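The values are calculated or read from the model by the stated rules, or taken from the named source; none is laboratory data. What you see is a predicted model, and the numbers here were worked out from it, not measured in a lab. Cβ coordinates were reconstructed from backbone atoms using ideal geometry, including for glycine residues, and neighbour counts include every protein chain displayed.
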Amino acid sequence: MLRALDLAEALDEGDITPQAVLELCAEAIAAREAELGCFEHLDLDRARILAARRPKGPLGGLPVGMKDIIETAAMPTAYGVPAYRDNRPVADAPIVVMTEDAGGIVPGKTVTTELAFLNPPKTRNPHDPRRTPGGSSSGSAAAVAAGMLPLAFGSQTSGSVIRPASFCGVAAMKPSYRLLPISGVKPFAPLLDTLGLMGARVADVAFGLEAITGRPLRVDGQDFGTPTFGVTRMPFAGSAEPEAEAALRQAIHALGKAGASVVDVTLDDRFAAAHDAQRTISLYEAAQHLAFEHRRHPEALSPTLRAALDEGRAIPVAAFDAARSIANKARKATHALFEPIDVLLTYAAPGPAPLADTTGDPRFNRLVTLLGLPAVNVPGCRTDDGLPVGLQVVAAFGDDQRALAAAAFLERALAATSAA
């Protein structure tokens, strides 16, 4: 994988040029894109022109992928639907402008599932092409894992950043709700939709987010002390597969050896109710915001998505409002939850990547997304046959740097135990 922070430092020192970095990406794309299908649209010629101009800013010319629900004026935005294949937005989404202002280059649009829902896309997992990369940010996770991009944006309504990152073995962050601007991104459920960033390591994601947002989020070269981790298995979300449980136990062991405090945390009935409420909010809002596609062009949608939108249309307003009230109570309850701990540690996904006829289950991500909390996927664990299994680190709302710092601590602890 390409390490964004290392490349940015080399660019700053003049040890490598933006053109050379882009060619590293181009070589990986040439080697594996036909097999993996990470891109919906790719324009390396345009990227080469931009790289030759030596972009200014902290990214210094680093290529950054954009999930194909993020609107771009220079490239089509198809939202994962063939009917939109030639759709040309009139303006870039704010996150695209922010990325380019920071010195990033957008060489292409990464594959999304259909309108960012569950229908499996063409993209395959770089670790085993028979398996899914996850969804809906499928192309972004696979492209970073395959060394095609050092950074790539995805979006999450249930688990669409953290789960693909876990399946593909990359680091990723879903920041606090609305830390990144969501306008110019095809909505699914605006009360939940959140942009996120993927990279090779936690430090790369933190660097990228600081460069693009201007917020103090970097964690490299800093001592944040030894965090206290609260472990929860979210029993109301269902059981984890043995591989995910093994990864969680490996993380707890590694943290103990690194000197961190690890305590068990029980999430009470307010959080269980909020977990269930997430689906109501998601489907109700999806039925509203995808009403044009659902009513005017239902034949262009998969049966899976049509059924979900039908279900969303049938949800009474009173049920939606009740779900919002449940969510608000759970959000208030998080204030006390984080008083004795710095972060929560839990599963990032139910297990390793399943076969490619599904995008996997977001059940361990729904609650965190609903609560709007910052979450980081930490890579470093693998199954006996080499498939990645991530771990999810979650912090209080607005405490994004703490989430990244604790995630980086865990990443180092896992690496230390693996090397021992």
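Can you tell me which of ARG163, ARG215 is surrounded by fewer than 24 Cβ atoms within 10 Å (Cβ to Cβ) and among the basic types (Lys, Arg)?
Result of the check over ARG163, ARG215: ARG215.
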(request) Scan the range 142-167 for residues that are of a type in the set (A, V, I, L, M) and within 21 Å of LEU373 (Cα to Cα) and jot them down. (result) ALA152, VAL161, ILE162, ALA165
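Might you let me know whether the range 226-245 holds any residue that is on the phi > 0 side of the Ramachandran plot and touching a residue at least 60 places away in the same chain (Cβ under 8 Å)? Talk me through it step by step, then tell me what you get.
Residues of the range 226-245 that are on the phi > 0 side of the Ramachandran plot, as a first pass: 234, 238.
Within this subset, residues satisfying the condition of being touching a residue at least 60 places away in the same chain (Cβ under 8 Å) are 234, 238.
Yes, the range 226-245 contains at least one residue that is on the phi > 0 side of the Ramachandran plot and touching a residue at least 60 places away in the same chain (Cβ under 8 Å).
Residue by residue through the range 68-90, note down the ones that are assigned to a loop (DSSP other than H, G, I, E, B), among the aliphatic types (A, V, I, L, M) and touching a Ser or Thr at 6+ places or on another chain (Cβ under 9 Å).
ILE69, ALA78
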(request) Kindly indicate whether any position in the range 54-70 is surrounded by 21 or more Cβ atoms within 10 Å (Cβ to Cβ), more than 22 Å from GLY214 (Cα to Cα) and either under 24 Å from the mean Cα position of the chain (by Cα) or at pLDDT 95 or above (or both). (result) yes
(message) So if I check each of SER183, SER176, SER160, SER166, which one is closer than 19 Å to ALA4 by Cα, modelled with pLDDT of 95 or more and either in contact with a helix residue (DSSP H, G or I) (Cβ under 7 Å, 6 or more places away or on another chain) or part of a helix (DSSP H, G or I) (or both)?
(response) SER166
(message) Can you tell me which of (1) modelled with pLDDT of 95 or more; (2) more than 30 Å from ALA244 (Cα to Cα) is the one VAL343 doesn't meet?
(response) (2)
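PHE207 - would you say it is surrounded by 21 or more Cβ atoms within 10 Å (Cβ to Cβ), in contact with a Leu (Cβ under 7 Å, 6 or more places away or on another chain) and outside any strand (DSSP E or B)? Walk me through how you get there before you give the answer.
Working: surrounded by 21 or more Cβ atoms within 10 Å (Cβ to Cβ): yes; in contact with a Leu (Cβ under 7 Å, 6 or more places away or on another chain): yes; outside any strand (DSSP E or B): yes.
Against the criterion (surrounded by 21 or more Cβ atoms within 10 Å (Cβ to Cβ), in contact with a Leu (Cβ under 7 Å, 6 or more places away or on another chain) and outside any strand (DSSP E or B)), PHE207 qualifies.
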(request) Under 9 Å between Cβ atoms, at least 6 apart or on separate chains: pull out the pairs that start in the range 256-271 with a residue that is in a loop (DSSP other than H, G, I, E, B) and end on any residue that is surrounded by fewer than 14 Cβ atoms within 10 Å (Cβ to Cβ) and among the small types (Gly, Ala, Ser). (result) ALA258/ALA416
(message) Take THR280 and tell me if it is part of a helix (DSSP H, G or I), surrounded by fewer than 16 Cβ atoms within 10 Å (Cβ to Cβ) and touching a helix residue (DSSP H, G or I) at 6+ places or on another chain (Cβ under 9 Å).
(response) no
(message) Can you find a residue that is hydroxyl-bearing (Ser, Thr, Tyr), assigned to a helix (DSSP H, G or I) and surrounded by fewer than 20 Cβ atoms within 10 Å (Cβ to Cβ) anywhere in the range 15-23?
(response) no
(request) Kindly list, by first and then second residue, each pair from a residue in the range 317-345 that is outside any strand (DSSP E or B) to a residue that is of a type in the set (Phe, Trp, Tyr), limited to pairs with Cβ atoms under 6 Å and residues at least 6 apart or on different chains. (result) PHE320/TYR284; ALA330/PHE271
(message) Restricting to the range 74-102, and then to whatever is small (Gly, Ala, Ser) and more than 14 Å from LYS186 (Cα to Cα), can you tell me which residue is surrounded by the most Cβ atoms within 10 Å (Cβ to Cβ)?
(response) ALA102
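Taking GLY108, is it at pLDDT 95 or above, buried (at least 24 other Cβ atoms within 10 Å of the Cβ) and among the small types (Gly, Ala, Ser)? If you could, list the steps in order and put the result at the bottom.
On the way: at pLDDT 95 or above: yes; buried (at least 24 other Cβ atoms within 10 Å of the Cβ): yes; among the small types (Gly, Ala, Ser): yes.
Against the criterion (at pLDDT 95 or above, buried (at least 24 other Cβ atoms within 10 Å of the Cβ) and among the small types (Gly, Ala, Ser)), GLY108 qualifies.
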(message) Here is a check on your reading of the model: is VAL161 farther than 24 Å from GLY398 by Cα and aliphatic (A, V, I, L, M)?
(response) no
